[in-house]
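The values are calculated or read from the model by the stated rules, or taken from the named source; none is laboratory data. The shown structure was predicted, so the numbers you read here are calculated from the model rather than taken from an experiment. Note that each Cβ is placed from the backbone with ideal geometry, even for glycine, and that neighbours are counted across all protein chains shown. Just the protein is used for accessible areas: all its heavy atoms, side chains included, with ligands, DNA and RNA removed. Shrake-Rupley method; radii C 1.70, N 1.55, O 1.52, S 1.80 Å.
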Amino acid sequence: MNAAMEQQYSGPVVDIRGLHTRYGTDTVHENVSLAVRQGEIFALVGGSGCGKSTLLRAIIMLLQPVSGSIRVFGQEVIGLNDEKALKLRR
């Protein structure tokens, strides 16, 4: 997505719905939903091991969640091929 497309997009910059992540049998997130709009300041706060970094890894496509939806500028990131993921990261 280029800068002109980002400016035209009016939905949440990051939109997460029903996210479920785990490592092996340990569930990290279950049914997490959140939306971050353009210009909004959003903080992830919590103790060590509560899933802050895991959530960020899922958003930037370094971790594949078990289920749910993650959209960045309206583009679903779960299941993107390497080429499309690279474009979105840029």
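The table below lists the values:
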quantity	calculated
Approximate spin-label separation Val45-Tyr9, in nm, with each point projected 7 Å along Cα-to-Cβ	2.8 nm
Prolate/oblate/rounded label for segment 15-90 (Cα gyration tensor, a/c 1.5)	oblate
Whole-percent carbon and sulfur share, accessible surface of the chain, 1.4 Å	49 percent
Paramagnetic label zone (point 7 Å from Cα along Cα-to-C-beta, Ser69; backbone N under 20 Å) in segment 28-44	29-38
Length-normalised contact order of the chain in % [C-alpha pairs under 8 Å, at least 6 apart]	34 percent
Å² of accessible area per residue within segment 1-82, as computed with a 1.4 Å probe and no ligands counted	65 Å²
Stretchable slack from Glu76 to Asn31, in nm (0.36 nm times residue separation minus alpha-carbon distance)	14.5 nm
